[in-house]
Structure formats: C-alpha cells, structure tokens
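Data first, discussion second: the structure below is written as structure tokens.
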Amino acid sequence: MPERALPVIAVLATGGTIAGAQPDATAAGYKAGSVGVGELLAAVPQLAAIADIRAEQVANVGSQNMTHEVWRALALRVDALCQDPSVAGIVITHGTDTLEETAYFLSLVIRHDKPIVLVGAMRPATALGAEGPANLYNAVALARHPDARGRGPLAVMNEDLHYAREIQKTAAAGLCAFASPNRGRAGVMHGGAPQFYSRNTTAHTTESEFSLALLERAGWPRVAIVYAHADLQDDLIDFLAGAADGIVLAGVGDGNATDLAIDGLLRAAASGVAVVRASRTGSGLVARDVELDDAALGFVAARDLNPQKARILLMLGLCVTRDPQALQRFFDRY
C-alpha cells in the first residue's frame with residue numbers, strides 16, 4: 001500500500017524576533033529579521049515528518065516596522081494560497097510586537113476557511129533556549145490539523161492557542177507574553193495536536209464583508225490613536241482631526257478622557273471624522289452610552305477590542321460608511 005502524501009503547508013516568513021540574531025547566545029540585544037525562512041526551517045528537521053513545506057520570504061523586518069504595504073503583500077499571498085487546493089494550511093512567522101494586529105487584519109480581509117496560523121518567538125533564533133523552533137513545529141502541526149479549519153487566523157505561542165480577535169501581547173519580555181484577556185485562550189497544543197476549549201463567536205473570514213479590494217478602492221483610510229492621560233489637552237486632537245479619517249481614543253477606564261479631550265473629539269466627529277472610544281486598560285468592555293452619551297456625541301464604542309485592533313476595524317469600516325450608527329454595528333459584530 002503506497003504511503004499517504006503529507007499535507008502541503010505554506011510557510012510565509014515576515015521576520016521578527018523568531019528570525020532574530022544576536023552577537024552571542026546570552027546577549028540581551030539582537031537584530032530582528034536577520035535569519036531567512038530557510039534557516040528557520042532547518043532548525044526544525046522534525047517538520048519533514050508531518051508536512052510538505054513550501055516556504056516563501058514575504059518580508060524580513062522587526063514587526064515594529066510592519067506596514068500596510070507588507071499587509072497588502074501578505075494578504076494577497078495568503079488569499080492566493082487559500083485558493084490553491086493543493087495547500088492544506090498556511091503558517092506566517094511574525095514578530096511579536098504587532099502579531100495581534102496582523103492576525104486581526106487577516107481575519108477581516110481573508111474570506112476563506114483554510115487554517116491560517118501566526119507564530120513568533122520572544123527569544124531570537126540564536127539565543128540560548130530559543131523557543132522559536134518549538135513554536136514553529138506547533139504552528140505547522142496546527143495548520144495541518146482539520147480542527148483548525150473554519151476558526152479564522154489563529155496564533156500559537158508557548159503552546160497556547162489564541163483567536164486573532166482575542167490575542168494580546170501583555171508583557172515586554174519573557175516567554176509568557178501573550179494572553180486572550182477577555183474571552184480566554186482558544187486552547188492548547190498537546191502532543192502535536194490542538195485541544196480547543198471554545199469557538200470564536202464574532203464574525204470573521206467567510207462571514208466578513210470586508211476585503212483587500214475594498215481597502216484598495218478606498219485608499220486605506222487613515223486612522224490615528226490618541227492615548228488618554230492626566231491633563232490631556234485638545235490641541236493634539238484638533239491636529240489629528242485635520243490629518244486623519246478616524247480617531248481611536250485609548251481612553252482611561254471605560255474609554256473616557258478629560259473634558260477638554262472629549263470636547264476636541266466632539267469637534268472632530270462634527271467635522272466628519274469617525275471617533276471610536278476604546279480603553280487603555282488592556283481588558284474589559286467599553287459599553288455604549290454609559291459614561292458618555294455616544295448617540296448624542298456621534299461616537300462609537302469599541303466594546304472589548306483594544307485600541308490597536310479598533311484602529312483596524314475602523315479603517316475597514318470607513319471603506320463602507322462614515323455613519324456612526326453603521327460603524328457601531330461593525331464593532332458589535334466583529
């Protein structure tokens with residue numbers, strides 16, 4: 001009886017700490033995006049037993065330098081691979097700083113149910129005890145598993161599984177730097193297989209009404225984030241209102257800010273700039289019409305999306321409408 005062919009997994013590399021290098025194995029400093037995808041894969045020879053790997057280098061940057069141009073290239077390639085019936089799943093190696101943003105972006109513009117897995121590392125490839133090889137093995141094992149299908153982009157870090165909408169980097173350093181603070185982990189990897197705890201209940205991928213083509217036609221609306229703090233003035237908000245299509249407030253507590261800042265945001269909304277209230281706290285729900293009368297002010301409540309993900313959804317929503325009530329429906333759904 002002939003051996004069964006291994007599933008084809010596409011590995012798209014974008015750089016990051018997982019591809020970083022340092023002067024010596026115990027040094028704190030390193031340069032992200034120093035190692036190519038071939039070297040990453042060579043460090044995990046066990047992959048040959050579970051998948052037929054097709055590797056591509058889409059970018060090689062630290063993810064603090066992630067750009068819309070890289071997102072465009074990545075989304076186009078992921079979309080093409082999703083349409084290729086010979087490919088069972090896709091793995092994206094990525095820096096940890098903006099991994100959550102890329103994952104959420106892809107969950108809204110890729111309208112396929114094929115497994116897409118993002119993976120990174122907190123230690124560079126040359127570090128003593130680098131966890132990148134184990135993370136990469138788990139990512140490929142997840143991407144080939146039938147239970148990963150239909151869940152939208154997933155992220156695997158330190159054997160934990162996270163949905164794109166929920167994952168958040170919660171620490172500057174250390175292996176346990178990721179969490180899904182509001183709804184919990186999607187599951188764990190155990191013995192090379194996923195054990196899922198729940199399904200994501202918000203709309204994504206095949207249910208999304210957004211697309212890369214929509215963004216291209218709209219010219220990628222510009223959305224800025226303003227961070228609330230004590231004595232926040234309104235002059236910065238006035239400046240942003242003249243430069244951006246939308247503003248996300250990373251507000252204190254329940255998406256609030258100084259009276260001056262709220263006045264500035266009210267002027268922005270009156271001028272046609274979309275305003276979304278999110279929270280800088282890292283978790284919790286920014287509910288509509290609680291501390292502020294969003295309906296009267298023309299604001300949108302981000303609910304449990306953090307500011308950086310609210311920026312992405314607002315950018316996509318502005319491709320469709322500038323009406324605050326219609327934008328609120330997007331935040332209620334996605």
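The values are calculated or read from the model by the stated rules, or taken from the named source; none is laboratory data. Just so it is clear, the structure is predicted and the values come from calculations on it, not from any experiment. Here Cβ is always computed from backbone atoms with ideal geometry, including for glycine, and neighbour counts include all displayed protein chains. Accessible surface is based on the protein model in full, side chains and every heavy atom, while ligands, DNA and RNA are left aside. Shrake-Rupley method; radii C 1.70, N 1.55, O 1.52, S 1.80 Å.
Within the range 35-76, the set of residues being free of Cβ contacts under 8 Å to residues at least 40 places away in the same chain and more than 19 Å from Val117 (Cβ to Cβ) comprises Gly36, Gly38, Ala42, Pro45, Gln64, Asn65, Thr67, Glu69.
The residue list Leu161, Leu136 contains one member that is surrounded by 18 or more Cβ atoms within 10 Å (Cβ to Cβ) and more than 19 Å from Pro45 (Cα to Cα), which is Leu161. Inside the range 229-255, can you point out the residues that are touching a Leu at 6+ places or on another chain (Cβ under 7 Å), more than 19 Å from Lys309 (Cβ to Cβ) and of a type outside the set (A, V, I, L, M)? Listed by number, the residues that qualify are Gln233, Asp234. The set of residues in the range 67-107 that are within 26 Å of Lys169 (Cα to Cα), in contact with a Leu (Cβ under 6 Å, 6 or more places away or on another chain) and not in a helix (DSSP H, G or I) comprises Ile90, Ile92, His94.
Does the range 185-204 hold any residues that are over 30 Å from Arg329 (Cβ atoms) and open to solvent by 40 Å² or more (accessible area, probe 1.4 Å), and which are they? Listed by number, the residues that qualify are His190, Gly191, Gln195. In a helix (DSSP H, G or I), closer than 22 Å to Leu232 by Cα and open to solvent by 10 Å² or more (accessible area, probe 1.4 Å) - does that describe any residue in the range 308-323? Looking through the range 308-323, at least one residue is in a helix (DSSP H, G or I), closer than 22 Å to Leu232 by Cα and open to solvent by 10 Å² or more (accessible area, probe 1.4 Å). Within the range 222-238, restricting attention to residues that are within 22 Å of the chain's Cα centre (by Cα) and of a type outside the set (D, E, K, R), the residue that is surrounded by the fewest Cβ atoms within 10 Å (Cβ to Cβ) is Tyr227.
Would it be correct to say that Asn182 is open to solvent by 10 Å² or more (accessible area, probe 1.4 Å), within 16 Å of Val44 (Cα to Cα) and at pLDDT 95 or above?
Working: open to solvent by 10 Å² or more (accessible area, probe 1.4 Å): yes; within 16 Å of Val44 (Cα to Cα): no; at pLDDT 95 or above: yes.
It is false that Asn182 is open to solvent by 10 Å² or more (accessible area, probe 1.4 Å), within 16 Å of Val44 (Cα to Cα) and at pLDDT 95 or above.
Scanning the range 172-221 for residues that are in contact (Cβ under 8 Å) with a residue 12 or more places away in the chain, over 24 Å from Val78 (Cβ atoms) and touching a Gly at 6+ places or on another chain (Cβ under 8 Å) yields Pro181, Asn182, Tyr197, Ser198.
Taking the range 46-64 only, how many residues are loosely packed, with under 15 Cβ neighbours inside 10 Å and not acidic (Asp, Glu)? So the count comes out to 4. If the condition is being closer than 19 Å to Leu240 by Cα and exposed (fewer than 15 other Cβ atoms within 10 Å of the Cβ), then the range 205-221 contributes only Gly219. Considering the conditions (1) closer than 22 Å to Asp160 by Cβ; (2) over 17 Å from the mean Cα position of the chain (by Cα), Thr126 is excluded by exactly one of them, (1). Among the candidates Arg267, Arg277, Arg322, the residue that is more than 27 Å from the chain's Cα centre (by Cα), basic (Lys, Arg) and under 23 Å from Gly242 (Cα atoms) is uniquely Arg267. Looking across the range 290-307 at every residue that is acidic (Asp, Glu) and touching a residue at least 12 places away in the same chain (Cβ under 8 Å), the one that is surrounded by the fewest Cβ atoms within 10 Å (Cβ to Cβ) is identified as Glu291.
Quick one: how many residues across the range 122-158 are aliphatic (A, V, I, L, M), touching a Gly at 6+ places or on another chain (Cβ under 6 Å) and modelled with pLDDT of 95 or more?
Our first condition is that a residue be aliphatic (A, V, I, L, M); within the range 122-158, this holds for 122, 125, 127-128, 130, 134, 136, 139-143, 148, 154-157.
If we keep only those that are touching a Gly at 6+ places or on another chain (Cβ under 6 Å) as well, we get 125, 141, 143.
Checking the rest, the ones that are also modelled with pLDDT of 95 or more come to 141, 143.
Looking only at that region, the number is 2.
Just one of the numbered conditions (1) in contact with a strand residue (DSSP E or B) (Cβ under 9 Å, 6 or more places away or on another chain); (2) of a type in the set (Asp, Glu); (3) surrounded by fewer than 20 Cβ atoms within 10 Å (Cβ to Cβ) is not true of Asp263: (1).
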